[in-house]
Structures are given as structure tokens and as C-alpha cells.
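Written out below as C-alpha cells is the structure these notes cover.
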Amino acid sequence: MDERLNVYESKMTKALEHLENDYAGIRAGRANPRVLEKIRVDYYGTPTPLQQVGNVTVPEPRLIQIAPWEKNLLKDIERAILASDLGINPTNDGNTIRLIFPELTEERRRDLVKEVKKKGEECKVAIRNIRRDGNEAFKKLGKGDTSEDEVKHLEDLLQKQTDKFVKDIDKMVDEKSQDILKV
């Protein structure tokens, strides 16, 4: 593979990884500790990721349990969860916090599938923008000492890369949509 293409493949891979992280945060009716990744708890004046202030476990398919390292963090963790966009009320028993994930309604599932497709489209746009940047860079090479045939070859290879990534995105969208729609 041409090293001039590696730059664009790396950027496309990062876009795909970003999409995977976005999808991990979308709950599909089952408890997944990754939905808590964006939640920060005020730990002695410092916003700290929730996973770093307690033990996060999934004892049942629709339950996440958080056991803080320090008991005085219970209220702070509860406040952080309520302030987040998670949409779940935490239950505090004095030792642990429980998050019970309700079954998703059909309407909510459809809304989540729309969100999944929207994020997939945004990722495809990002991939196409990377392709456009690459093609512009290759055209500039063509004005220098690089032959037109070589520029055309680079553009073709970049298009093949783009097609591969778009196909991967479509597959991810389908898998996540099926996961959400599964009752």
C-alpha cells in the first residue's frame, strides 16, 4: 500500500472507531456499563470518570450496580447520573447504587434505530470528506512531478478504501439496528 494512502486510511479508521464508541453508548434494552463512560463524578473537586470512583458490575441483563470505593461518594454519583442524559433514576441503598434499565417500548426502539442510522450517515459523510481531501492532495501532486496515471491510480485506490469503509459502516448500522429491534 502506498504510504500516501496510509494517512487517509488512518483517518477513516479513526472515524469508524468514533462511530463504534457512539454505538456503545446507545442502550439496546440491556444493561451495558459503557453507557456510563461519559458520566463524570465530582471527586474532591475534580470531574472523574464514574468507572474510576467505584466498581461497576452487571449482575443481571437489565441491571447495573455501582459500588463506590468511598461511601461518601454515593450522593455525588447519584447526582452525576441524574444530571446525565441517561434517563434512568438511580436507586441508592446506602452501600451501592443500582440502575434498572426498563424494557424499551416499540416507539423508543424505532427512535434509537433512527439515531443509529443518523450517526452512520454522519460517519459516511466524514469518510467522504476524507476521500475528498485525499483527492485534492493527489491533484496537487499531479501538478508537480507525479504523472497523471499515478494520480489516477492513487484516486482509484482511495475510492476502493472509501467503498470498503462505507460497507463497514452499513454493516455496523444493520447490526446495531437489529440489536435494538430484538425484543
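Translational D (Stokes-Einstein, µm²/s) of the chain at 20 °C and 1.002 mPa s when Rh comes from the Kirkwood sum over C-alpha pairs?
My calculation gives 112 µm²/s for D.
Taking all protein chains in place and a 1.4 Å probe, what share, in percent, of the accessible surface of the chain do carbon and sulfur account for?
Details: 5460 of 11070 Å².
Carbon and sulfur: 49 percent of the exposed surface of the chain.
Return the lysines within reach of LYS118: Cα separation strictly under 27 angstrom, same-chain partners fewer than 8 residues apart disregarded; answer none if there are no such residues.
Once the sequence-local lysines are set aside, what remains near LYS118 is LYS11, LYS14, LYS38, LYS160, LYS164, LYS167, LYS171, LYS176, LYS182.
Calculate for the chain the 222 nm mean residue ellipticity that helices alone would give, adding -39,500 (n - 2.57) per DSSP H run of length 4 or more and normalising by residue count, nearest 500 deg cm²/dmol.
When only DSSP H runs of four or more count, the value is -20000 deg cm²/dmol.
How long is the gain from SER10 to LYS182 if the chain were fully straight, where each residue apart is worth 0.36 nm and the alpha carbon distance is subtracted?
Working: separation 172, 0.36 × 172 = 61.92 nm, distance 3.33 nm.
Extra length available between SER10 and LYS182 comes to 58.6 nm.
From the phi angles alone, apply the Karplus equation (6.51, -1.76, 1.60; θ = phi - 60°) to the stretch 157-173 and give each ³J(HN,Hα) in whole Hz, x where the residue is Gly or Pro.
5, 5, 5, 5, 4, 4, 4, 4, 5, 5, 5, 4, 5, 4, 5, 4, 4
Determine the per residue accessible area of the stretch 61-117 with all protein chains present and a 1.4 angstrom probe, expressed in square angstrom. Each step should come with its number before you reach the end.
On the way: 3370 Å² over 57 residues.
With all protein chains present, the stretch 61-117 gives 59 Å² per residue.
Just the number please: accessible area per residue for the stretch 1-51, 1.4 Å probe, all protein chains included, in Å². Walk me through the intermediate numbers first.
Working: 2920 Å² over 51 residues.
Per residue, the stretch 1-51 has an accessible area of 57 Å².
Could you pull out every residue, at least 5 positions away or on a different chain, whose amide H is within less than 5 Å of the one on LEU63? Hs are placed 1.01 Å off N in the peptide plane, and Pro or chain starts have none.
HN-HN under 5 Å from LEU63: ALA31, PHE101.
Please compute the length gained on full extension between ARG34 and GLU155, using 0.36 nm multiplied by the number of residues separating them and subtracting their Cα-Cα distance. If you can, show how the numbers build up before the last one.
Working: separation 121, 0.36 × 121 = 43.56 nm, distance 3.79 nm.
Extending this stretch completely gives an extra 39.8 nm.
State the Cα centre-to-centre distance between the stretch 128-180 and the stretch 32-75 in whole Å.
Computed from Cα coordinates, the inter-centre distance equals 40 Å.
Pick from LYS71, LYS117, LYS171 the residue whose mean-square fluctuation is largest in a GNM of the chain, springs joining Cα atoms under 10 Å.
LYS71
Over the alpha-carbon set of the stretch 50-143, work out the extent along each principal axis and list the three values in angstrom, largest first.
The Cα atoms of the stretch 50-143 stretch 70, 35, 23 Å along the principal axes, largest first.
Going Cα to Cα from LYS143, which lysines come in below 16 Å? Please leave out same-chain ones fewer than 8 positions away.
Here the lysines satisfying the reach criterion relative to LYS143 are LYS152.
The values are calculated or read from the model by the stated rules, or taken from the named source; none is laboratory data. Just so you know, these numbers come straight off a predicted model, no measurement behind them. These accessible areas exclude ligands, DNA and RNA; they are computed on the full protein's heavy atoms, side chains included. Shrake-Rupley method; radii C 1.70, N 1.55, O 1.52, S 1.80 Å.
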